[in-house]
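To start, the structure under review is shown below, and the notes come after it.
The values are calculated or read from the model by the stated rules, or taken from the named source; none is laboratory data. None of the values given here were measured: they were computed from a predicted structure. Note that we place each Cβ from the backbone using ideal geometry, even for glycine, and neighbour counts take in every protein chain shown. Quick note on the areas: whole protein, heavy atoms, side chains included, nothing else; ligands and nucleic acids left out. Shrake-Rupley method; radii C 1.70, N 1.55, O 1.52, S 1.80 Å.
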Amino acid sequence: MIQMKNLSLTMKITIWYTIFLVVITGSFLLVLSYTGNSKASGTARTKLLEAVSDARDEISRVGENYIIDSDLDFYEDGVYLSIYDDSGDMLEGRRPASLLSVFPALEDKKLHKLKADDGETWYVYDSLFDLDGTQIWIRGMVKDFAEGETISFMMKTAALAFPLLALIAAIGGYFIIRRSFSPVRELIRTADEISHDSDLSRRIDLDTSDETPRDEIYTLARAFNGMFDNLEESFEKEKRFTSDVSHELRTPLSVIISQSDYAMEDEEYREKALSIINKEARHMSGLVNMLLSLARSDAGTLKLNREKIDFSELCETVVQQQAPIAAASDITVKSEITPDITVFGDETMLIRIVLNLMDNAVKYGRQGGLITLSLKNADGYACCSVSDDGIGIKAEELDKIWERFYRSDVSRSREGTGLGLSIVEALVKAHGGSISAESEYGQGSRFTVRIPLYSAADDTEAENGEQK
Ligand code: ADP
């Protein structure tokens, strides 16, 4: 048996709307036939009552004789009339033959509903009235219009045409829906190909011309392409990252191996080799620590020991610490620090943030240049910026400097790992802050970090954290 859940969407929609169409039209026909019938019966009864009452005016009496006006038609407009005297004998009139066998006894003001011999339904109405002292009966008879041929013909035609129309609607609708869903089939095909060939570069062909309707399916296809753009980008980044990590670790490792080989062979060279090995091992250790911080930040397990920190003091300390290093490159460090700015953060990590930016400013600064560290209060944030007048960053590279292992061509000649800014960004975000960079190539750069200011609520948060 075909299960509903296994049917295609086109088939399901077709089935549902056909059922809906059948139910709606069927109910409509039922209501129409019911109201049509009762209205027709109502009309037949009114006509009958009117004809009987009008007939009274056409009968008069002269002596013993009844005079029936020649205007009175005993059959008119479907209504039969007959006149009876008080003993129930028919004086004059017409009666349909099919009714004779089921004729009821005369009964004043009584409307009978009868089934005639031929199966038709009839209404029979009697009225007794006084004509100059004698009683006269008038009996009217009319066929129920509801059973009339027009209505039953209409209903029969509808009953025949209806399944045919439902079939045409179902088949026509199926093809229209199928056509509308063709981009979805294209979408499924592309998704299948991507998963089968592992080719993330594939996209759905989107007709971007103005005639193409911008409907839900178009939007879905565009979202699908957008999703694959992002996936491909992250996948490429991940691939680059892994190859960069292995490359960055392999280089110092091979230096360590070759230097230890030389040291074992040549006693005189041993000391020099040891110092190279030491330097490379430290570089590796730094790299591994950075990667660990990044991995923790990715996993959301970067642990911050947050407390109230005097950020102004912290920045001042970093300036004093970096000034002699900068001076060695003939760079002056200037500080414009607003005092008593406090934040709620991890001291070691905050130092790492500022130190890293200062370190870059010295590394990529200009000999004889100037580095300015400024700290001010701005809209609930501690706003710390480090600017230099060094090599600057090309506009097209400004977005990429946050990527792991990214180093611009000009900076490759200097020491570094390409991980510093990625870590700074992760640490700033862990503090609920943000970081941005502005730069003019050849003129200098400015990095600005914004960290939320300390507030009394932070203490409550810290206490709650400790209690947990
Ligand atoms: P690293 O300094 O180890 O190369 P970073 O992540 O700290 O790695 O920086 C990434 C890149 O951003 C650097 O290689 C450099 O090209 C650029 N950059 C960072 N800071 C500056 C700066 N102050 N001036 C110019 N370029 C910079």
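Observations, loosely collected:
- Pairs where the first residue, in region 223-237, is under 15 Å from I188 (Cβ atoms) and the second is surrounded by 12 or more Cβ atoms within 10 Å (Cβ to Cβ) and not acidic (D, E), C-beta under 7 Å, 6+ apart: F224/L187; F224/I204; N225/R203; N225/I204; N225/L206; F228/L200; F228/R203
- Taking strands (runs of 3 or more DSSP E) as the structural unit, those lying wholly within region 37-130 and holding at least 1 residues that are in contact with a helix residue (DSSP H, G or I) (Cβ under 7 Å, 6 or more places away or on another chain) correspond to 79-85, 110-115.
- Which numbered condition M141 fails, given (1) closer than 26 Å to T43 by Cα; (2) open to solvent by 40 Å² or more (accessible area, probe 1.4 Å): (2)
- Residues located in region 397-424, provided they are at positive phi and more than 7 Å from the ligand (Cβ to nearest atom): F405
- Residue pairs whose Cβ atoms lie under 7 Å apart, separated by 6 or more positions or on different chains, with the first residue in region 407-421 and more than 14 Å from M290 (Cβ to Cβ) and in contact (Cβ under 8 Å) with a residue 12 or more places away in the chain and the second in a loop (DSSP other than H, G, I, E, B) and within 6 Å of the ligand (Cβ to nearest atom), are S408/I393; V410/I391; S411/Y364.
- Verdict on G433 being under 14 Å from R352 (Cβ atoms) and more than 8 Å from the ligand (Cβ to nearest atom): yes
- In the set (1) near the ligand (Cβ under 8 Å from one of its atoms); (2) in contact with a Lys or Arg (Cβ under 8 Å, 6 or more places away or on another chain); (3) open to solvent by less than 20 Å² (accessible area, probe 1.4 Å), L427 fails one condition alone, (1).
- Inside region 21-41, residues that are without any contact (Cβ under 8 Å) to a residue 40 or more places away in the chain and surrounded by 14 or more Cβ atoms within 10 Å (Cβ to Cβ) make up a count of 1.
- Residue count, region 121-154 (criterion: at pLDDT below 85 and farther than 18 Å from I67 by Cα): 11
- The set of residues in region 319-347 being assigned to a loop (DSSP other than H, G, I, E, B) and away from the ligand (no atom under 16 Å from the Cβ) consists of D330, T338, P339, D340, I341, D346.
- Pairs where the first residue, in region 251-265, is modelled with pLDDT under 95 and the second is open to solvent by 60 Å² or more (accessible area, probe 1.4 Å), C-beta under 7 Å, 6+ apart: P252/H283; Y262/Y269; A263/Y269; A263/R270; A263/L274
- When we screen G416, G442 for residues that are under 30 Å from E280 (Cα atoms), over 43 Å from the mean Cα position of the chain (by Cα) and assigned to a loop (DSSP other than H, G, I, E, B), the only hit is G416.
- Boolean, L350 is within 24 Å of S293 (Cβ to Cβ) and within 16 Å of the ligand (Cβ to nearest atom): no
- Each residue in region 328-363 was checked for being in contact with a strand residue (DSSP E or B) (Cβ under 8 Å, 6 or more places away or on another chain) and open to solvent by 50 Å² or more (accessible area, probe 1.4 Å), and 6 pass.
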